[in-house]
1. What number of residues within the range 51-95 satisfy the criterion of being of a type in the set (A, V, I, L, M) and under 22 Å from the mean Cα position of the chain (by Cα)?
2. Hey, among the residues in the range 9-35 that are charged (D, E, K, R) and closer than 18 Å to SER80 by Cβ, which one's least open to solvent (accessible area, probe 1.4 Å)?
3. Could you tell me whether THR176 is of a type in the set (Ser, Thr, Tyr) and part of a loop (DSSP other than H, G, I, E, B)?
4. Name the residue, out of THR101, THR50, THR130, that is among the hydroxyl-bearing types (Ser, Thr, Tyr) and at pLDDT 95 or above.
5. If a residue must be modelled with pLDDT under 90, surrounded by 13 or more Cβ atoms within 10 Å (Cβ to Cβ) and under 20 Å from TYR146 (Cβ atoms), how many such residues does the range 171-206 contain?
6. Out of everything in the range 111-142 that is more than 30 Å from LYS156 (Cα to Cα) and touching a residue at least 24 places away in the same chain (Cβ under 8 Å), what residue ends up being farthest from the chain's Cα centre (by Cα)?
7. Has the range 36-47 got at least one residue that is under 21 Å from ASP114 (Cα atoms), aliphatic (A, V, I, L, M) and open to solvent by less than 70 Å² (accessible area, probe 1.4 Å)?
8. With VAL148, VAL116, VAL123, VAL95 as the choices, which residue is over 14 Å from GLY8 (Cα atoms), touching a helix residue (DSSP H, G or I) at 6+ places or on another chain (Cβ under 7 Å) and not small (Gly, Ala, Ser)?
Amino acid sequence: MKNILLIGMGKFGHTLGQKLMGLGCEVLAVDKEEASINAVASKYTDALITNCMLEDNLRALDVPSFDACVVAIGDDFQASLQITSLLKELGAKYVVSKAATEIQRKFLLKNGADHVVYPDLDVAERLAITLNSSRIFEYFALNDEYSVIESVVPEKWIGKTLAEANPRALGLNVLTIEKTNRTVSPAEANYVFTAGDHMLVFGLTEKLLAFTQEK
């Protein structure tokens, strides 16, 4: 069970917090606005009204005791940048910050963020990729080079075993196979593909996209 410090109770912060709580995490929700905290306090392990731009206020939260700290402020970049920097200075183990632009992402990474989320860009990128290929149902970028996609099995693979289809020759790795009523995991070499099978496939993003454009 993870212990999370979540700063910023806007729509993104609250949605993230509720998902974390649903996964069994302990979440301390923090916002400088009394109304924002009062509206959600009962839904979290604990909730606090405080201005995290002040170092003494952050220090009082015992930042190093949290497994991760999330700065979910989207409408005040100065506050987000300052809080991110302070968290790292105070010994935060892992800091995740929200960015609204690519420039913000770069500054946050330079000022202490271990990871930066960019919701608008991420959603737009995923939508563009799924719209570009009728074979892609989901797309997850793991980093700048590698991704995982959910794709329908190519027609030319139907009736072949995984070994015969040989996706590794294309630089791809089939992780699991989703059928109507079950999941095949791990995908065994002797598995025979049938029409309608979906696959979770890992590989270089450029190779995955090229694969889904093949006839």
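The values are calculated or read from the model by the stated rules, or taken from the named source; none is laboratory data. All values reported here derive from a predicted model rather than from experimental measurement. Here Cβ is always computed from backbone atoms with ideal geometry, including for glycine, and neighbour counts include all displayed protein chains. These area figures cover heavy atoms from the full protein model, side chains too; ligands, DNA and RNA do not enter into them. Shrake-Rupley method; radii C 1.70, N 1.55, O 1.52, S 1.80 Å.
1. Counting residues in the range 51-95 that are of a type in the set (A, V, I, L, M) and under 22 Å from the mean Cα position of the chain (by Cα) gives 10.
2. ASP31
3. Judged against the criteria, THR176 is not a match.
4. Selected residue: THR50, the only one of THR101, THR50, THR130 that is among the hydroxyl-bearing types (Ser, Thr, Tyr) and at pLDDT 95 or above.
5. 2
6. ASN111
7. Scanning the range 36-47 turns up no residue that is under 21 Å from ASP114 (Cα atoms), aliphatic (A, V, I, L, M) and open to solvent by less than 70 Å² (accessible area, probe 1.4 Å).
8. The conditions single out VAL116.
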